[in-house]
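The values are calculated or read from the model by the stated rules, or taken from the named source; none is laboratory data. Bear in mind that the values here come from a model prediction, so they are computed numbers and not experimental data. Cβ placement follows ideal geometry from the backbone for every residue including glycine, while neighbour counts extend to all protein chains displayed. Only protein heavy atoms, including side chains, enter the accessible area calculation; ligands, DNA and RNA are left aside. Shrake-Rupley method; radii C 1.70, N 1.55, O 1.52, S 1.80 Å.
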Amino acid sequence: MVIPDRKRTLLVTIGASRFPKAPELGGGSSFSRSAEALLAYFLGDDGFGLDRRNLLDLFDASHAAAQQLEEIAEFLDDKQRSVDANTLPKNLLIYYVGHGLFTPTDRKYCLALRCTNASNIGFTAMRGRDLAEVVRNGAMHLRRFLILDCCFAGSMLGEFLSGPGEAANIQMIEDLPDRGTSLLCASSSQDVALAPARLDYTMFTDALLKVLNDGNPTLGEHLSMSDLKATVQNRLRNNYPLNWVRPEVHSPDMRRGDISSVPLFPNRAWPQIETRKKAEAEAERLAEIEAQNKAEAEAERLAEIEARKTAAAEAERLAEIEAQKTAAAEAKRPVEEVEQIHLEQARNQVEPPHPARTKIGDITWRVPLSVAVVVIVIVMVPILYLVIRPSPATPYNYDNPAVTAAENADPLYGSECLEDKATSCYKLGLRYDNGDGVAKNPDIAAVLYQKACNGDELAGCTHLGFLYDKGYGVAKNAGTAASLFEKACHGNEFVGCVSLGVLYATGNGIAKDESEAVTLYQKACDGHESTGCFNLAFAYAEGNGVTKDVGRASALYQKACDADKPLACVNLGTLYVYGSGVTKDFRRAAILYQKACDGNIPSGCQLLAQAYEKGNGVPSNLTKAKLLYKQVCDWGDSESCDKLKLAKFR
């Protein structure tokens, strides 16, 4: 896929922070700060990298809507007059932040401007259809991306949750050109966009800015409008679990492809992904070399053992031949001479030569050399293991200059970590582990986690165990990871219990013991760790380490699903579909699939699409099914992509 040239992108900003002739709309500095911050991102070299000459900034402009529309039309016409095809714009971005509202008579959707008069909204606000006409005529050959951070406020405060946001979406979709247009809207049909007083920006733009500036480490080098919507949605859900507003993305015409999937915005997390991939590839290469060296060394050791065995057998054979020759020679000597020889041997305590021997009590046992070697190996291997087995916690040099610099540079946790406050060391370790406000550095994170763990901050032990398990910042060592998880679990750090249970279940770095894994999952689940409940449910469903009990599994899946473990909702929904451990209930299954899909679990969205396609538990709705299949297809599921090729979804 060709990445659009951001230097050939036009940007128009519209909106207002104050509405002096419509005071009931309410102004706010969050509007102006949102516009300023987004503009800084677009113009920044480390942001979008927009050419300033390609910007028309009409935010907080005081002149009339018609005049602003005329400026937009002239701007588009001027920028497309270049005779050089290589400099012609390819994309148009329009960002609006403010209030969305409807005309009182014909209910047409409008965007409030600084000049908007409450007594004459239809003439003083910017009508959606007028903006659409300017875009249609002035940018017909461009990709058109609109980001709308607005909502409609009704005359009654109690009705502000009635869903004007969806009306806004529908109205704009009808008015804008029917192809090459994508809208990212802050609100859905049940919600309106919010601007909480404690935020510097509106709720939507705050999340959008964080996504644009931080990126998404699970996606590619550039982000599309659909990527922005999904990542912003996750941010909103995590940051405002009680009152978050679901954004939506719409593409009115997909005859030439869905431009909401066009990669346009640079993914700031991409360099970190590439660095980690290169590090992982290098670590894998070195591990292969080390494994090859070990294999060669082992082959040499076995060859040496075999050579020694052969030499010992040959020496024993030659000794027997020599003994036979001596016996034959002695038989020919006079008796007196033989007796004299025996006396001399006794006097000098000379014994016939032998490859090896061992003495127990007063009995001397003659043993072939090969057997002696085996005895030595059997005795020495446990001793060598006790000497060379890995320590569960490798000591660290806390005076490492890089770590000390990291502690001194952090005003929040660094000084306290220097004073050996374990919790602060753990939190500082998290920052370097996740790249939160600092350059990602697993080496520094490992030292800080170890320091926290030594100070009995058990979450530090768990996270250090993760690094050992994956080989990030430390040499990969599943045995050390298991010891760290065990310490954390012993102190009731329940994520450590789950992690140790997984090692027991898989036999990774520890003797496989599925029943012990079940015990650990149960402890974590009793401690309200949802992943423990999920893993325990799976064990009961499959009979791994415990007597199979699907009814028990369903109750545990329900507990994990209620605790926002969306994958548990998928598994529980499937039990309801087949009536396994529960009463068959397609409607209940569809509700659970919806919850999993809201949590961005592809299998949940796919199963919900099948329910809408077949009418299982929900009314049959091919439109919804198609949208869901499209969503899962965009996530990379080939089966869902194949579904979209069916005639009924075209």
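The alpha carbon gyration tensor of region 594-650 gives principal lengths a ≥ b ≥ c with a/c of 1.5 or higher and a/b no greater than b/c, which makes the shape oblate. A probe of 1.4 angstrom, applied to the heavy atoms of all protein chains, finds residue 466 with accessible area near 80 square angstrom.
With a 1.4 Å probe and all protein chains left in place, how much of the accessible area of region 64-114 comes from carbon and sulfur atoms, in whole percent? Show your work: numbers first, answer last.
On the way: 1120 of 2310 Å².
With neighbouring chains kept in place, the figure for region 64-114 is 49 percent.
For 574, 506, 116, what's the largest-to-smallest order of accessible area, 1.4 Å probe? If you can, show how the numbers build up before the last one.
Values: 574 45, 506 85, 116 0 Å².
Per-residue accessible area, sorted high to low, gives 506, 574, 116.
In the full protein context, region 1-132 carries 45 Å² of accessible surface per residue, based on a 1.4 Å probe and ignoring ligands, DNA and RNA. The simple spin-label model puts a point 7 Å past each Cα toward its Cβ; for residue 323 and residue 283 those points are separated by 5.9 nm.
I need the shape label for region 417-503. Rule: rounded when a/c is under 1.5, else prolate if a/b > b/c, else oblate, with a, b, c from the alpha carbon gyration tensor.
Details: a/c = 1.97, a/b = 1.28, b/c = 1.53.
Cα axes put region 417-503 in the oblate bin.
Taking label positions 7 Å along the Cα-Cβ direction at both residue 644 and residue 563, the computed distance is 3.6 nm, reported to one decimal. Net charge dipole, region 503-650: roughly 800 debye, given to the nearest 20, about the Cα centre with Cβ charges of +1 for Lys and Arg and -1 for Asp and Glu.
Shown here is the pair-distance distribution of region 418-464: with all Cα-Cα distances grouped in 5 Å bins from zero up to the longest one, the shares run 6, 32, 34, 19, 9, 0 percent. Amide H to amide H, with H built 1.01 Å from N, residue 222 comes under 5 Å of 267, counting only residues 5 or more places away or on other chains.
For region 436-477, what is the charge dipole size about the Cα centre, in debye to the nearest 20, if Lys and Arg each add +1 at the Cβ and Asp and Glu each add -1 at the Cβ? Walk me through the numbers before you get to the answer.
Values: 4 positive and 5 negative charges, 34 e Å.
In total the dipole reaches around 160 debye.
For residue 8 and residue 305, a Förster radius of 60 Å and the Cβ-Cβ distance give a FRET efficiency of 0.25, rounded to the nearest 0.05.
Using the empirical formula 2.2 N^0.38 Å as the baseline, the Cα radius of gyration of region 1-124 reaches a ratio of 1.19. Name the shape class, rounded, prolate or oblate, that the alpha-carbon gyration tensor gives for region 476-580, where a ≥ b ≥ c are the square roots of its eigenvalues, rounded holds for a/c under 1.5, and otherwise prolate holds if a/b is larger than b/c and oblate otherwise. Here region 476-580 falls in the prolate category.
Checking the Cα-Cα distances for 7/79; 79/229; 565/595; 440/470; 229/630; 294/512 against a 18 Å cut-off, the pairs over it are 79/229; 294/512. For a label point 7 Å from the Cα of residue 584 along Cα→C-beta, name the residues of region 598-617 whose backbone N is under 14 Å from it. 616-617, by backbone N distance to the label point. Dipole orientation for region 523-611: of the candidates 546, 533, 582, 582 has the Cα lying most toward the positive pole (charges on Cβ; Lys, Arg +1; Asp, Glu -1). A 1.4 Å probe run over the protein chains yields, for region 524-650, 48 Å² of accessible area per residue, whole-number rounding. Each label was represented as a point 7 Å from its Cα along the Cα-to-Cβ direction; for residue 120 and residue 87 these points are 4.2 nm apart. Using a cutoff of 8 angstrom between alpha carbon atoms and counting only pairs six or more residues apart, the relative contact order for region 584-650 works out to 24 percent. Let me have the relative contact order for region 1-66, percent, based on Cα pairs under 8 Å that are six or more residues apart. Here the relative contact order equals 45 percent.
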